[in-house]
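Visitor: Take a look at this one; I'll ask things after.
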Amino acid sequence: MGFQQSTRERSVICLSGGMDSCVTAALAAAETEAFALHFSYGQRTEARELASARAVAARLGIADFLHLQTDVFRRIGGSALTDNSIAVPDAAPDFGHESQSASDSAVIPVTYVPFRNAHFLSAAVSWAEVLGATRVYIGAVEQDSSGYPDCRPAYYDAFQQVVRTGTRDGKIEIVTPLIAKSKAEIVRLGLEYGAPLDLTWSCYKEGQRACGSCESCVLRLRAFALAGVSDPIPYAARAQPGES
């Protein structure tokens, strides 16, 4: 991999190809010379996510795109995203409403991939050390999420301490610019920064078109509705965000 020298501060962005990582990448590209890291880990929509991540990186002018593959999550199982014996559920009628916030749920969804973000961050920090990058961006969101434990601020505070004690100079910063934002706020921020939301993929299920019924699709559709704009990607069955 060869790239031209730049005087800009460098960063690594964990780019899944989803809406949150796309907006985070747009922020990273505006603030730094950004390098994108994408993982294929046996998820159901692996090929579609990779295509989206590559397209987003190209549109944003990302300096380099590193595609890593691992079978650890598929071999471990335990998640509907990596184990075909576990069905991806449709969102409950009240999912994501203010009166029923997903992040307040005591039940961790079957779509949770055990400790996944630690794997992503570890690889990103390793690459950041090689690149001389000072920041690692990840589009984690606590509010309006599906209640994943690795999307909490405390998780990233703890990982930051690991980076301080376990890297060459301990100065790489874990950046989570969306952690406290709602999905609607993320849509608005993406529009402000010119994030290519039309290239993103958020659906948990297989298919060429987003299903419109899984938790990720429902949160996304409601976010665009609350932001007052249309979601630019096609859906197989477009659920109405306000339906219950």
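The values are calculated or read from the model by the stated rules, or taken from the named source; none is laboratory data. Quick caveat: nothing in here was measured; it's all calculated off a predicted structure. Methodologically, a virtual Cβ is constructed for each residue, glycine included, from the backbone with ideal geometry; neighbour enumeration extends over all protein chains shown.
Visitor: State all residues of region 1-45 that are modelled with pLDDT under 95 and among the acidic types (Asp, Glu); if no residue qualifies, say none.
Guide: The answer is none; no residue qualifies.
Visitor: Same structure, new question: List the pairs whose first member sits in region 153-168 and is among the basic types (Lys, Arg), whose second member is loosely packed, with under 14 Cβ neighbours inside 10 Å and not in a helix (DSSP H, G or I), and whose Cβ atoms are under 9 Å apart, counting only residues at least 6 apart or on separate chains?
Guide: Going by the 9 Å Cβ cut-off, the qualifying pairs are Arg164/Gly170; Arg164/Lys171.
Visitor: So Gln143 clears everything in (1) assigned to a loop (DSSP other than H, G, I, E, B); (2) under 14 Å from the mean Cα position of the chain (by Cα); (3) at pLDDT 95 or above; (4) over 23 Å from Phe39 (Cα atoms) except one condition, right? Which one?
Guide: (3)
Visitor: In this structure, does Val113 turn out to be modelled with pLDDT under 95, closer than 16 Å to Thr45 by Cβ and outside any helix (DSSP H, G or I)? Give the steps one after another, and end with the answer.
Guide: On the way: modelled with pLDDT under 95: yes; closer than 16 Å to Thr45 by Cβ: yes; outside any helix (DSSP H, G or I): yes.
Answer is yes for this residue.
Visitor: Exactly one condition in (1) under 30 Å from Tyr235 (Cβ atoms); (2) in contact with a Pro (Cβ under 9 Å, 6 or more places away or on another chain) is not met by Tyr155; state its number.
Guide: So Tyr155 meets the others, but not (1).
Visitor: If you don't mind, another one. State yes or no: is Ile62 out of contact with any strand residue (DSSP E or B) (no Cβ under 9 Å at 6 or more places or on another chain), more than 25 Å from Ala184 (Cβ to Cβ) and assigned to a loop (DSSP other than H, G, I, E, B)? Before the answer, list the steps.
Guide: On the way: out of contact with any strand residue (DSSP E or B) (no Cβ under 9 Å at 6 or more places or on another chain): no; more than 25 Å from Ala184 (Cβ to Cβ): yes; assigned to a loop (DSSP other than H, G, I, E, B): yes.
When the stated conditions are applied, Ile62 does not pass them.
Visitor: Give me the helices (runs of 4 or more DSSP H) completely within region 146-227, filtered to those with at least 2 residues that are farther than 20 Å from Ala123 by Cα and touching a Lys or Arg at 6+ places or on another chain (Cβ under 6 Å), ordered by residue number. So that I can check it myself, show each step before the final result.
Guide: Working: elements: 153-166, 183-192, 215-227.
Counting at least 2 such residues, we get 215-227.
Visitor: Does Arg59 meet the test of being over 18 Å from Glu215 (Cα atoms), touching an Asp or Glu at 6+ places or on another chain (Cβ under 8 Å) and either free of Cβ contacts under 8 Å to residues at least 24 places away in the same chain or not hydrophobic (A, V, I, L, M, F, W, C) (or both)?
Guide: Working: over 18 Å from Glu215 (Cα atoms): yes; touching an Asp or Glu at 6+ places or on another chain (Cβ under 8 Å): no; either free of Cβ contacts under 8 Å to residues at least 24 places away in the same chain or not hydrophobic (A, V, I, L, M, F, W, C) (or both): yes.
The answer is no for Arg59.
Visitor: Sort out which residues of region 1-42 are touching a residue at least 60 places away in the same chain (Cβ under 8 Å) and part of a loop (DSSP other than H, G, I, E, B), and write them in order of number.
Guide: Correct list: Met1, Phe3, Glu9, Ser16, Gly17, Gly18, Thr32, Tyr41.
Visitor: While we're on this one: I'm checking my understanding of the structure. Among residues of region 209-244 that are loosely packed, with under 13 Cβ neighbours inside 10 Å and of a type in the set (Gly, Ala, Ser), which one is modelled with the lowest pLDDT?
Guide: Ser244
Visitor: Further, regarding this structure: Answer yes if at least one residue in region 63-79 is crowded, with 18+ Cβ neighbours inside 10 Å, within 18 Å of Ser216 (Cβ to Cβ), at pLDDT 85 or above and not hydrophobic (A, V, I, L, M, F, W, C), and no otherwise.
Guide: Yes, because at least one residue in region 63-79 is crowded, with 18+ Cβ neighbours inside 10 Å, within 18 Å of Ser216 (Cβ to Cβ), at pLDDT 85 or above and not hydrophobic (A, V, I, L, M, F, W, C).
Visitor: Collect the residues in region 169-210 that are over 15 Å from the mean Cα position of the chain (by Cα), touching a residue at least 24 places away in the same chain (Cβ under 8 Å) and closer than 14 Å to Val136 by Cα, keeping them in residue-number order.
Guide: Residues satisfying the conditions are Lys171, Ile172, Glu173.
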